[in-house]
Amino acid sequence: MRLYSLSVLYKGDPKVHLLKAAYDVSTFNFFQRSSVQEFMTFTSQLIVERSELGSRASVKEQEYLCHVYVRTDGLAGVVIADNEYPQRVCFTLLEKV
């Protein structure tokens, strides 16, 4: 069970803004880390952009599961984890953040 990314974003009218993010890319090759982090940032922004206000969703992207929670005021959180990480734990974490 691994948690790779935790991001807080704001869904504005023109586009999604990344407010803060934390990544754990220690399991990846040194030369792949920057591209993996960029992939996680892009995927987080894309998922929030396509999600409705006040919704929760889980999206499978390659071997990762992306859990997104968008509040009605536009504040959003995204957790990227592996397939073994429990979904309920991710959404509890997003609510607390």
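For this structure, a couple of remarks:
- Partners of Lys20 within straight-line reach, counting lysines whose Cα lies under 19 Å from its Cα and excluding those fewer than 8 residues away in the same chain: Lys11, Lys96.
- Linear extension gain, Glu84 paired with Tyr23, 0.36 nm per residue minus alpha-carbon span: 20.2 nm
- Cα-based reach from Lys60 at 18 Å (exclusive), listing aspartates and glutamates while leaving out same-chain residues under 8 positions away: Glu38, Glu49, Glu52, Asp82, Glu84
- Cα-based helix-to-principal-axis angle, 33-50 vs the chain, degrees rounded to 10: 20
- Per residue, the Cα convex hull of the chain amounts to 90 Å³.
Rule-based calculations on the coordinates, nothing more; no lab input. Just so it is clear, the structure is predicted and the values come from calculations on it, not from any experiment.
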